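A.B. asks: Before I ask anything, here is the structure I am working with.
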Amino acid sequence: MTYSINELVSKIPHGKKIAILGRNYVEGLINFSEQYGDEVNIDDLIEDDFENLILENSFIDLLLDWSEDILNVMKIPTSSIKSVREGLIDKFCIEYNHDDNVVRELPKSTESKIKLHDFQERIRRKVLSEFSQKNIRFLLHMPTGSGKTRTASEIILDFIRMSPAQSLFQENIKILWIAQSEELCYQAMETIKWIVESKNTRDIKIGNFYGDNSVDDDILEHPAIIICGIQKLMNHYTEPLWSDIKNQCYLVVVDEAHRSVANQWVKTLDYFASNSSTNLLGLTATPGLGGGDDDTHILAQYYGNNKITLLDEKYNNIDHPIEFLVQREYLAEIDRNTILSEVKLTKEDIISESGSNFRFSGNTLNNLSVDPSRNSSIINILKNSPKKKILVFTCGLEHNRILKQLLKRENICSETVDGSSKNRETLINKFKDSTSGLDILLNFGVLTTGFDAPKTDVCIIARPVGSIVMYSQMVGRILRGPKNTGNKKNTLYTIKDNFNHGDYDTLFNSFNDFYK
């Protein structure tokens, strides 16, 4: 006999159903329902989330406690949690999409992409000039969307070409590219591999040392660019192979370099960059920590107080680089808007403060997540933006779920991603696909970096952001312009209860005083 999911869970007490769904999640939907007149059915919520709930042991325990007789009639083995879970997956034909099944393809080379833009070419020349003058530590400061990885990849190839002229002993030169996340590592690998295959003639190996990837002793016999995840490198850099790599390493590139003086990073970076012959190049859109002048001074000093940024035709720094790039269509024009909110944050909502950085309490973010008028404002924007690719930064995991459920009631497709999502890459690829029907991606705790969807039209920052660095990274998701495979004009909505971080030119130039 076949039972529906509603019938299967019907005997579970109401309070336990709410607990297993999550009280904040249910509260947010009930608050919305009471204000806007739409009934909440708890059993329907369980059915909607059933494929995720059955992965929780506590939910299977509830079924065994209250619905074992129904499980027996359905002929689902009840000898263990695992047998119940597997029986339910089979009975209800549930399929899970994990990133293990994703096939990644490298981009096809085109002649137009091989040539750097003029502003990128000037930066390349300036960096090579610094190398030739023996300035070995500096930051490359470029806005998100302007091609930091692309420009740095060209610089790396030039550095390898220059190395035999500098020393006869650099035949098997090693360059380390270090990044925070697997997404950033993979993006770097894509770009570097494409550039090497398109433009280089030497036998350069590309090593991948992030995620499940590893490098072996054979890499010592070749010039190589090794892309490293910082967490994995921190766990292995004391091994003998990495000592040999260190002795052949003449350049360390650090992506998202504003993180590089964190305690857990700096010891590993120092191990490779302490050699007098090793150059250190940091890449960032935000060359400060936002945690006060002292923190930013530490970062600036780590990179020799040297910063290279956008230059005009006479190689002078451009005062308003964002405006410069928007006018030339390298970056998109941003239409800035405000989401009205009746919630007012006060100093009591802040649990820590450091310089211009703030951290908000979990209770504050939970209260924002369940506020009905605030959620109504967000839903209205999403409803009134048809056929737009929209990225939403939410207040938390429960906020993701609340907004997804409210959108479902409007027959609008959306998906959620967070740090624990096993299908994150699958969903991101679906979001990028213009024909997939997935136009709204709700995310918490991810996608501020390592997320490349140039055709994203709208960004909604639906959470308070207490860091100028994080805020600028969020805005950066919609900055690519037509000449960088993006849009001419995109739309930004920022929550009214947010702290005001100013326009993007102001953000970009926030830390200039700390560098020469």
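A.B. asks: Can you tell me the 0 to 90 degree angle between the C-alpha axis of helix 57-66 and the longest principal axis of the chain, rounded to 10?
C.D. replies: Result, in degrees: 10.
A.B. asks: Most exposed first by the Cβ proxy, i.e. fewest other Cβ within 10 Å, how do Glu183, Glu154, Glu7 rank?
C.D. replies: Numbers: Glu183 19, Glu154 23, Glu7 13.
Fewest to most other Cβ atoms nearby, the residues stand as Glu7, Glu183, Glu154.
A.B. asks: Ok, one more. Looking at region 220-267, what % of the alpha carbon pairs are farther apart than 13 Å?
C.D. replies: On the way: 712 of 1128 pairs.
That fraction is 63 percent.
A.B. asks: Return the lysines within reach of Lys82: Cα separation strictly under 16 angstrom, same-chain partners fewer than 8 residues apart disregarded; answer none if there are no such residues.
C.D. replies: Within reach: Lys91.
A.B. asks: Also, quick follow-up: Taking only Cα atoms, what is the 0 to 90° angle, nearest 10, from helix 372-383's long axis to the longest principal axis of the chain?
C.D. replies: Relative to the chain, helix 372-383 is tipped by roughly 70 degrees.
A.B. asks: Still on this model: For the pair Ser436 and Arg409, what calculated FRET efficiency results from E = 1/(1 + (r/R0)^6), where r is the Cβ-Cβ distance and R0 = 25 Å, to the nearest 0.05? Could you put the intermediate results ahead of the total?
C.D. replies: On the way: r = 21 Å, r/R0 = 0.85.
Here the calculated transfer efficiency is 0.75.
A.B. asks: Once the Cβ-Cβ distance between Ser132 and Lys267 is put in as r, and R0 is 41 Å, what FRET efficiency do you end up with, to the nearest 0.05?
C.D. replies: Numbers: r = 30 Å, r/R0 = 0.73.
The calculated FRET efficiency here is 0.85.
A.B. asks: On to the next question. Sorting check: for 128-134, 308-314, 220-226, 280-286, which peptide has the highest mean count of neighbouring beta carbons within 10 Å, and how do the rest follow?
C.D. replies: Ranked by mean Cβ neighbours within 10 Å, highest first: 280-286, 220-226, 308-314, 128-134.
A.B. asks: When only alpha-carbon atoms count, how far does the chain stretch along each of its three principal axes, as whole angstroms with the largest first?
C.D. replies: Sorted from largest, the Cα extents of the chain read 79, 50, 43 Å.
A.B. asks: So, one more: Over 30 Å between Cα atoms: which of Lys174/Lys314; Lys148/Lys389; Lys126/Lys246; Lys115/Lys174; Lys148/Lys430 fall into that group?
C.D. replies: Details: Lys174/Lys314 33 Å; Lys148/Lys389 24 Å; Lys126/Lys246 26 Å; Lys115/Lys174 25 Å; Lys148/Lys430 25 Å.
Exceeds cut-off: Lys174/Lys314.
A.B. asks: Please report, in whole Å, how far the alpha carbons of region 398-478 spread along each principal axis, starting with the longest.
C.D. replies: 35, 25, 25
A.B. asks: A further question follows. Using the structure shown, list the pairs from Lys404/Lys432; Lys11/Lys408; Lys199/Lys232; Lys388/Lys422 with a Cα-Cα distance above 23 Å, or answer none.
C.D. replies: Working: Lys404/Lys432 18 Å; Lys11/Lys408 26 Å; Lys199/Lys232 30 Å; Lys388/Lys422 25 Å.
Correct reply: Lys11/Lys408; Lys199/Lys232; Lys388/Lys422.
A.B. asks: Would you tally the net charge around Ser181, using a Cβ to Cβ cut-off of less than 10 Å, leaving Ser181 out, and scoring K and R as +1, D and E as -1?
C.D. replies: Values: positive: none; negative: Glu182, Glu183, Asp255, Glu256.
Neighbour charge sum, excluding Ser181 itself: -4.
A.B. asks: Can I ask one more? Would you mind giving the average projected area, over all directions, of the Cα convex hull of region 324-505 in nm² with one decimal? If you can, show how the numbers build up before the last one.
C.D. replies: Numbers: hull surface 41.1 nm².
It is 10.3 nm².
A.B. asks: Right, here's the next one. So how far apart, in nm, are the two label points at Glu121 and Thr485 if each is 7 Å from Cα heading toward Cβ?
C.D. replies: Once both label points are built, they end up 2.2 nm from each other.
A.B. asks: Please give the net charge around Leu492, taking every other residue with its beta carbon less than 10 angstrom from that of Leu492, where Lys and Arg add +1 and Asp and Glu add -1. Don't skip to the end; give the middle numbers.
C.D. replies: Values: positive: Arg336, Arg477; negative: Asp335.
Once all neighbours under 10 Å are counted, the net charge is +1.
A.B. asks: If Lys and Arg each add +1 and Asp and Glu each add -1, what is the summed charge of the other residues whose beta carbon sits under 13 Å from the beta carbon of Ala332? List each step's numbers first, then the result.
C.D. replies: Numbers: positive: Arg328, Arg336, Lys389, Lys455, Arg477, Arg480, Lys483, Lys488, Lys489; negative: Glu323, Glu329, Glu333, Asp335, Asp457.
So the environment of Ala332 carries a net charge of +4.
A.B. asks: Where does each of Lys383, Lys404, Lys148, Lys174 land when they are ranked from fewest to most other beta-carbon atoms within 10 angstrom? Working shown, then result.
C.D. replies: Values: Lys383 12, Lys404 19, Lys148 22, Lys174 26.
Fewest-to-most ranking of Lys383, Lys404, Lys148, Lys174: Lys383, Lys404, Lys148, Lys174.
A.B. asks: Relative to the longest principal Cα axis of the chain, at what angle does helix 293-302 sit, 0 to 90 degrees, rounded to 10?
C.D. replies: Around 50 degrees separate the two axes.
A.B. asks: Let a ≥ b ≥ c be the square roots of the eigenvalues of the Cα gyration tensor of region 111-318; is it rounded (a/c under 1.5), or, if not, prolate (a/b larger than b/c) or oblate?
C.D. replies: It comes out rounded by the Cα gyration axes.
Bear in mind these aren't lab numbers, they're just calculated from the coordinates by the rules spelled out. These figures come from a predicted structure and were not determined experimentally. Here the Cβ is made from the backbone with ideal geometry for all residues, glycine too, and neighbour counts use every protein chain on show.
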